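Down below is the structure, laid out as structure tokens.
The values are calculated or read from the model by the stated rules, or taken from the named source; none is laboratory data. Quantities reported herein were computed from a predicted structural model and do not represent experimental measurements. When we count neighbours, we look across all protein chains shown, and the Cβ atoms used for this are built from the backbone with ideal geometry, even at glycine. Protein only, heavy atoms only, side chains kept; ligands, DNA and RNA dropped before computing areas. Shrake-Rupley method; radii C 1.70, N 1.55, O 1.52, S 1.80 Å.
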Amino acid sequence: MKIAANTATSRIHSSSIFSDNDTIEKAMVNSDRLNHIANKDHNAPIGLFDSGIGGLSVYLHLAQQLPHERYIYYADTLHVPYGNRDSEDIKALTLTAVEWLYQQGCKLIVIACNSASAHALEIARQHYPQLPIVGLVPAVKPAVLASKSGHVAVLATKATLNGTLLDDVIATVASPSGTTVTKYFDPQLVPWVELGMPDNSETAQNLRQQLQLFAKDGIDQLVLGCTHYPFFKDFVQQEIEAQKLSMQVVDSGQAIAERVKQLLITNQLSAKTHASLDNNELETNAIAKNVRQPLVFYATKYDTSLDMLLPRLLGKHTPLRYYSYPDC
Ligand code: DGL
């Protein structure tokens, strides 16, 4: 069902396309059907996936760096949060999402979720070897490089903190430089963001107190290791200023957008721009005419709060088409 820009009224509720049990098999069967990657379809969309609305923080960086691209976003609001789920569950849900984005003809997919990347990036790449898939890992490297105290904290979900991707970065970047990495999670943070981050909640209060504790421990770099968290970056920075703490906040959004840009160039998949099209193509190609394409947003479960939240998180000038799954 198509919804007017910046409004969301679809009421279709459904479970995801595959039941959790048959996800992996079906994803494998379907993975060979399409060949849009091999055909170098420049104007195919970039797919983004997150357990909920967190990956929109990555989309904002992508839209800024690559405004000529089209984007499709899959929010698994039916199963959010992923952070407390076990590894097999996260793998199955991620493969469902990636398969769906692949079936939409995406030329590149960003798993805009640290928790999903930690447990399913490798298996997703194995299933779709021809498809560029970008995953997220908390931005420990820039934090370690910038740290003067030699002590950084990673704020992430339990699933991300328990995954091997983060431990690999700690082992290769932090440990050799003698930097201590403190891992911290609060299971309420993702639901708090999904609720629109009410200021007076207990979660906000806990976060304020936690910042003080980090500072007492000599932590001078705080890594936001979950794509939901950049949405409260302003809140954290205001607290840091108000409490006169010496701490910087780091996230991965900008680096991911740069990585996507570079991969599109390497794979010759960048959207064609005005200068690269002939007159016939210019007639029909809205992107090339510098018309910004609306973000196409699918949620596996409709929730009225999204009506307010999406324009708030994206800014009211981001064109948006919102669909409730599986009406697609
Ligand atoms: N945005 C997801 C991440 O980066 C949130 C995880 C969750 O759903 O718990 O990890």
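Measuring with a 1.4 Å probe in the full set of protein chains, what accessible area per residue, in whole Å², belongs to segment 175-243? Don't jump to the answer; show the numbers that get you there.
On the way: 3250 Å² over 69 residues.
I get 47 Å² per residue for this part.
Expressed per residue, the C-alpha convex hull volume of segment 94-165 stands at 94 Å³. A protection proxy built from the mean count of other Cβ atoms within 10 Å ranks the segments 254-261, 119-126, 94-101, most packed first, as 94-101, 119-126, 254-261.
Accessible surface computed residue by residue for segment 41-90, with neighbouring protein chains in place and a 1.4 Å probe, gives 29 Å² per residue. Lysine pair count for segment 178-283 (Cα-Cα distance under 22 Å; residues 8 or more apart in sequence or on different chains): 6. Expressed as a whole percent, the accessible area of segment 38-122 that falls on carbon and sulfur atoms is 45 (1.4 Å probe). What a 1.4 Å probe finds exposed on segment 141-276 is 50% carbon and sulfur by accessible area, rounded to a whole percent. Here, segment 47-172 is characterised by an Rg to Rh ratio of 0.98, where Rg is the alpha-carbon radius of gyration and Rh the Kirkwood radius. Using the alpha-carbon centroid of each, what span in Å lies between segment 99-141 and segment 210-229? When both Cα centres are located, 26 Å separates them. For LYS183, the amide hydrogen comes within under 5 Å of the amide hydrogens of VAL154, counting only partners 5 or more places away or on other chains and with H modelled in the peptide plane. Two numbers describe the Cα atoms of segment 132-267: Rg and Dmax, which are 15.2, 47 Å.
Scattering from segment 121-197 was approximated by placing one identical point on each alpha carbon and applying the Debye formula without solvent; log10 I(q)/I(0) at 0.11, 0.26 1/Å stands at -0.38, -1.13. For LEU108, the residues whose modelled amide H falls within less than 5 Å of its own, excluding neighbours fewer than 5 places apart on the same chain, are GLY47. Using the average count of surrounding beta-carbon atoms within 10 Å as a protection proxy, the listed peptides 188-198, 108-118 rank, highest first, as 108-118, 188-198.
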